[in-house]
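Visitor: Sharing a structure below in structure tokens format, with a few things to ask.
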Amino acid sequence: TPEPTRRRPAWLVPVAVVAVPALLAGLVVALAHPEPAGGETVAVSAQDCGRGFTAPEPGRRTFRMRNTGDQTSEVYLIDPSSNAVYGEIEGLAPGTTRDLVATVAGGTYAWRCVPGDGKAVTSKAVRVGGAAGAHAVVPVSERDLAAPLTAYRAYADRGLATLVTRTRKLSDDIRAGHLDTARTDWLTAHRTYASLGAAYGTFEDFEQKIDGRPDGLPGGVHDRDFTGFHRIEYGLWHGEPAAGLKGVAQQLADDSAGLRKAFPHQDFDPSDLPLRAHEVLENTLQFELTGDTDQGSGTGLATADANLAGTRELLAVLRPLLTTRAPRLLPAADADVARLQRLLDSAHHGTGWTPVDRLGRVAKARLDGATGQLLEDLSPVPDLLEVRKSA
């Protein structure tokens, strides 16, 4: 599976304005417009944070956020009692104005301005009368993500230990000329690697060496830089003799061992965890369920199954943070995961898997639909658990 790119999910609005997705009913939405659409102008700077802010009437309101300082700033509309965020703008440059649209209900509101130097300033709070109803997202800090990161690193380390054992077994099979056994052991080892998707961004050059594809290489599948699982897959399922695969199999075993040794010292960005909760399966839909990564084994659904197992583990370590911020998200995602698992199980027959290109039209549509629904329900996770400077 290709490494998920480190980017914001596609459902976020442009121009660096962060919005809590509409999928979470009742949460505020912040939108960017080229020109202000009117409304109250609020100053953003270390000296003037919140100047011009008065208690708004309940309902959907537009705030014209004007950076009056000399540093690019982030600004948050918060509940000062909990630091929960109703809306935010990132990267508001000096002298610029941008709209923030928020739904206001009964409660207490303030602005928190965070200039580039990181010294947060909070405005005077105002009280809005009436019934509560404007839900906010409690910000996440790197400290909050420390325990999930520790748990996931332990999971990945165990997986890498297993990977080392299984790639050595694969190399031994090929060295002995036992290619039928090698095909079975190739899939077992590859599924182990495919279950570690949330850590791919940490693996650095090892990811390309271990699971890279021939796309873009001058020699294609015959390029000397085409290595790892997919190179061995191509050889095993295209009649290549064991002698031609011994070197690449040994290299895969060595690279797997090298990755396991390096992993404890590699930088694992805590923000990768919530991003990968969505992006691993996004890549599954794009690459595995289209057959794009297949080099002859027809095991894309087995890889998708391993990707799902890795996503399930990721959700398990993030569950405490998500439960308090979006209590309806996880039950929906759990139901989606169960549905997708049933569909994948139906394509698994003994030690074999139905190739993607042999799925019936209805079965393929159901599989794509179940994956798409799970992606939709997981799409708020990166934003809900984004590390913010608002606290």
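Visitor: Does the range 131-191 come out rounded, prolate or oblate by the C-alpha gyration tensor, with a ≥ b ≥ c the root eigenvalues, rounded set by a/c under 1.5 and, if not, prolate when a/b is larger than b/c and oblate if not?
Guide: Since a/c reaches 1.5 and a/b is larger than b/c, the shape of the range 131-191 is classed as prolate.
Visitor: Once you order the gyration tensor axes a ≥ b ≥ c over the Cα atoms, which shape class does the range 242-302 get: rounded for a/c under 1.5, otherwise prolate or oblate by comparing a/b with b/c?
Guide: It is oblate, given that a/c is not under 1.5 and a/b is not larger than b/c.
Visitor: Please report how far the C-alpha centroid of the range 326-389 lies from that of the range 231-296, rounded to the nearest whole angstrom.
Guide: Between the Cα centre of the range 326-389 and that of the range 231-296, the gap is 21 Å.
Visitor: While we're looking at this one, here's another question. Long-range amide H contacts for residue 289: which residues qualify at under 5 Å (H placed 1.01 Å from N, peptide plane, sequence gap of 5 or more or a different chain)?
Guide: So residue 289 has HN proximity to no qualifying residue.
Visitor: Keeping all protein chains in place, calculate the accessible area per residue for the range 142-385 (probe 1.4 angstrom), answer in Å².
Guide: Solvent-accessible surface per residue comes out at 42 Å².
Visitor: Still on this structure, please answer the following. Hey, any idea what % of the chain's accessible area is carbon plus sulfur with a 1.4 Å probe?
Guide: 51
Visitor: Full-extension gain between residue 238 and residue 125, please, as 0.36 nm times their residue separation minus the C-alpha to C-alpha distance.
Guide: Values: separation 113, 0.36 × 113 = 40.68 nm, distance 6.90 nm.
Extending this stretch completely gives an extra 33.8 nm.
Visitor: Only sites in a loop by DSSP and with at most 16 other Cβ atoms within 10 Å count here; which GluC sites (Glu not before Pro) in the range 189-288 make the cut? Don't skip to the end; give the middle numbers.
Guide: On the way: sites: 204, 207, 233, 279, 282, 288; in loops: 204.
Of the GluC sites (Glu not before Pro), the ones in loops of the range 189-288 whose Cβ has at most 16 other Cβ atoms within 10 Å are 204.
Visitor: Taking a 1.4 Å probe, which of 377, 211 shows the most accessible area, and what order do the others take after it?
Guide: The ordering from most to least exposed comes out as 377, 211.
Visitor: For the range 37-108 and the range 110-134, what is the separation of their C-alpha centers, rounded to whole Å?
Guide: Using only Cα atoms to place each centre, the spacing works out to 8 Å.
Visitor: Can I ask one more? Rounded, prolate or oblate: which fits the range 142-385, taking a ≥ b ≥ c as square roots of the Cα gyration tensor eigenvalues, rounded meaning a/c under 1.5, else prolate when a/b beats b/c? All intermediate terms of the calculation are to be shown ahead of the outcome.
Guide: On the way: a/c = 2.13, a/b = 1.37, b/c = 1.56.
Note, shape of the range 142-385 comes out oblate.
Visitor: Just name one of 344, 370, 321: the one whose Cα is farthest towards the positive end of the charge dipole of the chain (beta-carbon charges, Lys/Arg +1, Asp/Glu -1).
Guide: 321
Visitor: In the chain, what is the count of Lys pairs whose alpha carbons are under 29 Å apart, counting only pairs at least 8 residues apart or on separate chains?
Guide: Going through the chain pair by pair, I get 8.
Visitor: Moving to a separate point now. Just going by the charge dipole of the chain, with Lys and Arg at +1 and Asp and Glu at -1 on Cβ, which of 150, 203, 130 is farthest out on the positive end?
Guide: Selected residue: 130.
Visitor: Something else now. How far, in nm, would the chain grow between residue 47 and residue 223 when pulled straight, counting 0.36 nm per residue and subtracting the alpha carbon separation?
Guide: Value of the extension gain: 57.4 nm.
Visitor: Determine, from the Cβ-Cβ distance of residue 172 and residue 319 and an R0 of 45 Å, the FRET efficiency 1/(1 + (r/R0)^6), rounded to the nearest 0.05. Mind showing how you got there, number by number?
Guide: Working: r = 39 Å, r/R0 = 0.87.
That gives a FRET efficiency of 0.70.
Visitor: Right, another one. Sum -39500 (n - 2.57) across every DSSP H segment of at least 4 residues in the chain, then divide by the residue count to get the 222 nm mean residue ellipticity, nearest 500.
Guide: Roughly -14000 deg cm²/dmol at 222 nm, from the helical runs in the chain.
Visitor: When Rg is the radius of gyration of the Cα atoms in the range 41-128 and Rh is its Kirkwood radius, what does Rg/Rh come to?
Guide: 0.93
Visitor: Give me the extension gain from residue 328 to residue 146: residue separation times 0.36 nm, minus the current Cα-Cα distance, reported in nm with one decimal.
Guide: 63.1 nm
Visitor: Which value, in debye to the nearest 20, gives the size of the charge dipole of the range 220-306 about its Cα centre, when Lys and Arg are +1 and Asp and Glu are -1 at the Cβ?
Guide: 400
Visitor: Taking the simple approach of a point 7 Å from Cα along Cα-to-Cβ for both residue 269 and residue 204, what is their distance in nm?
Guide: Between residue 269 and residue 204, the simple spin-label model gives 1.6 nm.
The values are calculated or read from the model by the stated rules, or taken from the named source; none is laboratory data. Owing to the predicted nature of the structure, the values given are computational and were not obtained by experimental measurement. Virtual Cβ from ideal backbone geometry, glycine too; neighbours counted across all protein chains shown. SASA here: full protein model, heavy atoms, side chains in, ligands and nucleic acids out. Shrake-Rupley method; radii C 1.70, N 1.55, O 1.52, S 1.80 Å.
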